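Below is one structure; the comments refer to it alone.
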Amino acid sequence: MLDTADVLTADDPLYEELYDVRREAEAVGNLIDVAAVMPQVHALRAQAPVHKGRLRELLGLPPHERHSRAAGRPHWTVLSYDACEAAFRDPAIFSNSVQGHDNPAGEKTMGILEMDPPVHRAYRRTIQPKFNMPEAMGWWREHTIDTIIARLIARMAAGERADLNLDYCARIPVYTITTAIGLDGDEALRFRHAYLNSTSSSRTVTMQQRLENAKIVESTVLGLIARRREEPRDDLVSFLLGMKLQVPGEPVRPLTDREILAHAKLVMVAGGGTSWRQMGIALFALLTHREQLDAVRDDRALIDDAIEESLRWNPTAPYFYRMVMQDVAFRGHDIPEGAVLELGLGPANHDPSRWERPDAYDLFRPKLTNMAFGLGTHRCLGMNVARVEINRGINALLDHFPKLRLAPDAPAPFMTGGLEQQGVSGLPVLLR
Ligand code: HEM
């Protein structure tokens, strides 16, 4: 059988095509001038923490519909930390149901992400234990993360320069998730292609191809579930097969194959693009703030602070949505049932009432919780895994390439993407 790490790190033009933040936004149709947004957000927040209307309208940007269930509904936009926190922590009124897609089978297409308590809690409990910090630092790190990082470092060490976006950041989450789920060898390769193409918004992949690839992803995971039912191994699918679901008022039972598939698909979708883009943002922050990079190189205990500050400074997914479940008076607005709230995590992370000099990247600033992973009920399931991926990734780069720096003869990187997903334009570096 082929070695999974070799298979997943091999040269493949698909990476170049799919892991380009600007191209991704162009394909979705939501490319914006990212740098122009925050000054406008500050001006709006100074007037009021909550505004009637979509942020796109308030900013004068062309329309873009992220969630089909939000179409045609009145919107309100939330820009302060305090008001975002209040909405995140009240799931009975501000529901996640807006994030799913209607489908004939009535399945939750986005799994736990579109569920509300108490059902959400019951399902989340079946997967949460595999994502706690001890598991991220232990099982995930040993089982997947360190293996892929060692391979990628060895691959880059053969040359003088690299694009860390493509050669490094893009590849770590794909391998981590594919291997964690339980796929290996050439099946992992087929799966990776299908997975990248099914989640891709690349113009070269038609909707028909995307659906066909989504079918391959489904049948591969369902096949894996069937094999692990016969013979469990040390992977996420085997773990989920052993868990019991306890929905209030219903008998305790194991998860069905479709429920395990839904968990696996959400983990793949939620954990792929986010970790890739956020690792790029963290490296971008350090490479463009040399004195902070030097400090981190000399004292690796600072890496976690550097990562948290990158999450505060530029969270890759700066807006999430909620459906309003009953008429509510919220921060001076009477908001009707059926409206949609746009919660500005990015704006909340730059709220000057919480952070001094909010637009500056400063890993030494006082430590306060930021909103990059959300808050409350749906706080990111994979945040510990993401933190370990980024921490191990930066540590290994500093160990092997102490002179790492941006390539002066290449275009300077900048933040790009859409309002809803942002990352760095590229990370061309000199390794020696
Ligand atoms: C730095 C990278 C990441 C960022 C910035 C991020 C951000 C977020 C945010 C803001 C939410 C909350 C959504 C909401 O409230 O509606 C969320 C939820 C979620 N994330 Fe992440 N995420 C990251 C990485 C990951 C990874 C690596 C995984 C899995 C391996 C993952 C899996 C999930 C899942 C399953 C949920 C849904 C949780 C629930 O509904 O209870 N994420 N993420």
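The values are calculated or read from the model by the stated rules, or taken from the named source; none is laboratory data. Please read these numbers as outputs of a predicted model, since none were measured by experiment. Cβ: placed from backbone, ideal geometry, glycine included. Neighbour counts: every protein chain shown. Side chains are part of the model used for accessible areas, which takes the heavy atoms of the whole protein and leaves out ligands, DNA and RNA. Shrake-Rupley method; radii C 1.70, N 1.55, O 1.52, S 1.80 Å.
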Take the Cα atoms of region 314-432, build their convex hull, and give its volume per residue in Å³. 145
Neighbour-limited loop hits for trypsin sites (Lys or Arg not before Pro), region 187-261 (at most 11 other Cβ within 10 Å; DSSP other than H, G, I, E, B): Arg203
Within 10 Å, count the other beta carbons around each residue, average over each peptide in 293-303, 265-275, and list them highest first. 265-275, 293-303
Going by Cα centres, region 315-345 and region 383-432 are how many Å apart? 33
Could you name the aspartates and glutamates in cross-link range of Lys367, using Cα to Cα under 19 Å and dropping any fewer than eight places away on the same chain? Asp82, Glu85, Asp299, Asp304, Asp305, Glu308, Glu309, Asp351, Glu356, Asp359
Among the GluC sites (Glu not before Pro) within region 332-372, which fall in a DSSP loop and have no more than 12 other Cβ atoms within 10 Å of their own Cβ? Glu337, Glu356
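For every helix of n ≥ 4 consecutive DSSP H residues, a contribution of -39,500 (n - 2.57) applies; sum these over the chain, divide by its total residues, and give [θ] at 222 nm rounded to the nearest 500 deg cm²/dmol. Numbers along the way, then the final one.
Details: 17 runs with 196 residues, N = 432.
About -14000 deg cm²/dmol.
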Once the whole set of protein chains is in place, how much accessible area is left on Tyr175, using a 1.4 Å probe, in Å² to the nearest 10? 10
Would you kindly find the accessible area of Asp102, with a 1.4 Å probe and non-protein molecules such as ligands, DNA and RNA excluded, rounding to the nearest 10 Å²? 120
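Given Cβ point charges of +1 (Lys, Arg) and -1 (Asp, Glu) and nothing else, what value in debye, to the nearest 20, does the dipole of region 1-134 about its Cα centre take?
Working: 15 positive and 19 negative charges, 198 e Å.
Computed about the Cα centre, the dipole is about 960 debye.
What helices does the chain have that are whole DSSP H segments, at least 24 Å long along their own axis by Cα, and with mean Kyte-Doolittle hydropathy of 0.0 or more?
Working: long enough: 207-230 (35 Å, -0.44); 257-287 (45 Å, 0.69); 383-400 (26 Å, 0.02).
Passing helices, by number: 257-287, 383-400.
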Starting from the Cα of Lys244, step 7 Å along the direction of its Cβ; do the same at Asp82; then give the gap between the two resulting points in nm. 4.6
How big is the dipole moment of region 181-291 about its Cα centre under a simple scheme where the beta carbon of each Lys and Arg is +1, that of each Asp and Glu is -1, and everything else is neutral? Debye, nearest 20, please. 320
Sequence ranges 277-288, 382-393, 51-62, ranked by mean other-Cβ count within 10 angstrom, highest first: 277-288, 382-393, 51-62
Once you order the gyration tensor axes a ≥ b ≥ c over the Cα atoms, which shape class does the chain get: rounded for a/c under 1.5, otherwise prolate or oblate by comparing a/b with b/c? oblate
Listed by chain and number, the lysines with an alpha carbon less than 24 angstrom from that of Lys130, same-chain partners under 8 positions apart left out, are Lys108, Lys244, Lys265
How big is the charge dipole of the chain about its Cα centre, in debye rounded to the nearest 20, if each Lys and Arg gets +1 on its Cβ and each Asp and Glu gets -1 on its Cβ? 540
